[in-house]
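The values are calculated or read from the model by the stated rules, or taken from the named source; none is laboratory data. Since the model is a prediction, treat every value here as computed from it, not as a measurement. When we count neighbours, we look across all protein chains shown, and the Cβ atoms used for this are built from the backbone with ideal geometry, even at glycine. Areas reflect the complete protein model, heavy atoms only, side chains present, ligands, DNA and RNA absent. Shrake-Rupley method; radii C 1.70, N 1.55, O 1.52, S 1.80 Å.
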Amino acid sequence: MAAAEIGGFAAARMAAPALRPAAPPAPAAAAAPPQLRRAVAARSLRTVAAETVTADLAGGTNGALHAQMNSEATTEITSLAVTANSRRKTKIVCTIGPSTNTREMIWKLAETGMNVARLNMSHGDHQSHKKVIDLVKEYNAQNTDGNVIAIMLDTKGPEVRSGDVPEPIMLKEGQEFNFTIKRGVSTEDTVSVNYDDFISDVEVGDILLVDGGMMSLAVKAKSADTVKCEVVDGGELKSRRHLNVRGKSATLPSITEKDWEDIKFGVENGVDFYAVSFVKDAKVIHELKDYLKGANADIHVIPKIESADSIPNLQSIIAASDGAMVARGDLGAELPIEDVPLLQAEIVQTCRSMEKPVIVATNMLESMINHPTPTRAEVSDIAIAVREGADAIMLSGETAHGKYPLKAVKVMHTVALRTESSLYNSTTSPGLIAPAQALYSEEFSPSQLSKMFGSHSTMMANTLRTPIIVFTQTGSMAVLLSHYRPSSTIFAFTNEERVKQRLALYQGVIPIHMQFSDDAEETFSRAISSLLKAQHVKKGDYVTLVQSGVTSIWRDESTHHIQVRKVQG
């Protein structure tokens with residue numbers, strides 16, 4: 001056996017919520033010198049009461065909760081918190097491009113901190129993206145220590161882009177410059193756009209933004225095929241630059257013909273997520289999910305919130321989806337830039353309230369495309385996203401074509417990790433840690449029970465400073481635990497490969513694929529042995545083991561368990 005049960009705890013259902021740790025951490029025997037206090041605080045050393053929870057929900061009048069309490073409190077100062085809290089919880093999404101599309105670089109990105117590899121379908125072709133997919137799958141097949149890399153296909157969407165130019169065109173303030181719907185035009189004062197209705201969408205007086213505002217032009221006049229502008233803010237216009245009209249969304253379908261081809265490509269190659277560009281309402285999400293259901297494809301859909309039209313429909317879009325991405329570049333182009341921080345916080349909070357993952361993206365370390373160190377504002381930007389509770393933060397050009405992709409990932413990793421170290425305290429950061437759930441109704445639904453045990457498993461793990469081990473076939477309990485943001489790592493063991501890949505996006509979850517046996521204890525032993533081998537835990541550590549969720553494994557449907565076990569060698 002790799003683990004031994006230590007003690008027991010349970011709770012009976014009463015008029016008010018009753019599940020809570022039996023004893024708080026014991027106080028220190030005497031005041032320590034300041035230097036020692038700081039050292040102890042730095043290591044998060046705590047005196048804990050170790051308990052085991054087993055709550056039996058079977059039988060009883062009116063579904064009453066019957067439990068028994070056998071508490072054996074053990075007091076010890078443990079350094080487990082060092083191990084439990086030293087892993088970054090916020091996930092990192094890296095866009096793969098010319099700087100990183102080799103086997104060597106993908107391996108290095110994964111070792112440095114990448115959790116999700118993003119394929120930007122605005123660039124490259126199916127052949128180049130297939131190469132990346134195969135390399136990521138090769139890495140996952142060779143890696144067994146829980147460092148799983150998920151694959152996200154990001155659709156191009158109905159983007160309005162300028163055409164190809166043989167060399168960059170320098171635009172100067174006050175200069176006249178034109179955009180035409182004629183294909184293949186590239187002169188000193190005129191370039192093509194890829195959108196035939198560009199003329200009808202644009203009005204005299206509109207402000208055109210290039211690459212989210214890196215350059216801007218005022219519309220002065222238009223003809224049947226050309227929009228005539230004056231440069232307001234100049235710069236270097238390169239090939240295929242993204243164009244927005246401030247305050248407007250293009251009248252294009254969210255999923256274009258090219259997108260459908262790319263989506264089909266994703267189905268054929270088993271990607272894990274679609275990031276869908278310029279989603280305006282929930283209708284397009286339902287349309288894509290119906291297609292995936294018909295194709296028998298288990299791929300989750302993440303809408304990119306980047307359109308002015310999406311904000312009034314935010315609740316319904318996220319409700320229909322499997323998460324969301326805050327795509328701040330186009331969001332700040334179509335809406336006042338000062339609204340972006342408030343919208344980011346609203347989107348993150350909406351996803352958190354619906355227990356869905358949220359990614360904060362765009363310009364997070366933009367300066368590191370060309371420089372080896374970030375600006376201090378960029379560092380703060382990462383910290384804000386982490387403090388708001390984002391599941392993931394994303395790198396775009398930094399890793400796709402930047403000069404310092406590995407340094408960018410390292411900066412994102414260290415800033416997120418340092419920020420997280422200050423967060424997991426229900427007193428100082430009540431907004432990040434989800435509150436415990438109480439059930440007042442006479443009837444329990446499976447989802448209510450799962451939420452109750454998820455919240456109290458988190459509370460127990462936080463009190464005892466233990467990592468959480470959960471066994472899941474659907475991923476639902478691991479997702480729920482992630483929602484409650486425990487202070488320690490969630491090791492999610494699953495016998496479903498697709499579930500393992502999907503859980504790579506969720507905050508605080510390390511997904512591990514393992515076949516389950518019919519013998520629960522034998523499976524527990526193998527799981528803890530694998531964590532020992534990967535040095536995720538060590539002999540003498542305690543772990544909180546959760547058996548709950550809508551789908552029962554090794555238990556009666558009416559029985560849910562929370563146990564604390566001591567790891568044996």
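Any residue in segment 213-226 that is open to solvent by less than 40 Å² (accessible area, probe 1.4 Å), touching a Phe, Trp or Tyr at 6+ places or on another chain (Cβ under 8 Å) and either more than 21 Å from residue 304 (Cα to Cα) or assigned to a strand (DSSP E or B) (or both)? Yes, there is a match, as at least one residue in segment 213-226 is open to solvent by less than 40 Å² (accessible area, probe 1.4 Å), touching a Phe, Trp or Tyr at 6+ places or on another chain (Cβ under 8 Å) and either more than 21 Å from residue 304 (Cα to Cα) or assigned to a strand (DSSP E or B) (or both). Inspect all residues belonging to segment 160-167 and state whether any of them is farther than 30 Å from residue 470 by Cα, open to solvent by 70 Å² or more (accessible area, probe 1.4 Å) and either under 23 Å from the mean Cα position of the chain (by Cα) or among the aliphatic types (A, V, I, L, M) (or both). No; the residues of segment 160-167 include none that is farther than 30 Å from residue 470 by Cα, open to solvent by 70 Å² or more (accessible area, probe 1.4 Å) and either under 23 Å from the mean Cα position of the chain (by Cα) or among the aliphatic types (A, V, I, L, M) (or both). If the condition is being in contact with a strand residue (DSSP E or B) (Cβ under 8 Å, 6 or more places away or on another chain) and assigned to a helix (DSSP H, G or I), then segment 455-478 contributes 456, 457, 458, 460, 461, 463, 464, 477, 478. For beta carbons closer than 7 Å, sequence separation of 6+ or different chains, a first residue in segment 362-375 that is touching a residue at least 12 places away in the same chain (Cβ under 8 Å) and a second that is part of a loop (DSSP other than H, G, I, E, B) and small (Gly, Ala, Ser), the qualifying pairs are 362/396; 368/402; 369/402.
The helices (runs of 4 or more DSSP H) found wholly in segment 287-356 and carrying at least 1 residues that are in contact with a strand residue (DSSP E or B) (Cβ under 6 Å, 6 or more places away or on another chain), within 23 Å of residue 215 (Cα to Cα) and touching a residue at least 60 places away in the same chain (Cβ under 8 Å) occupy 328-334. Would you point out the residue of segment 292-327, among those that are modelled with pLDDT of 95 or more, surrounded by fewer than 23 Cβ atoms within 10 Å (Cβ to Cβ) and of a type in the set (D, E, K, R), that is farthest from residue 483 (Cα to Cα)? Only one residue tops the list, namely 293.
Residues of segment 351-368 that are open to solvent by less than 20 Å² (accessible area, probe 1.4 Å) and more than 25 Å from residue 273 (Cα to Cα): 368 alone. For segment 88-105, taking the residues that are over 20 Å from residue 386 (Cα atoms) and in contact (Cβ under 8 Å) with a residue 40 or more places away in the chain, the one that is surrounded by the most Cβ atoms within 10 Å (Cβ to Cβ) is identified as 96.
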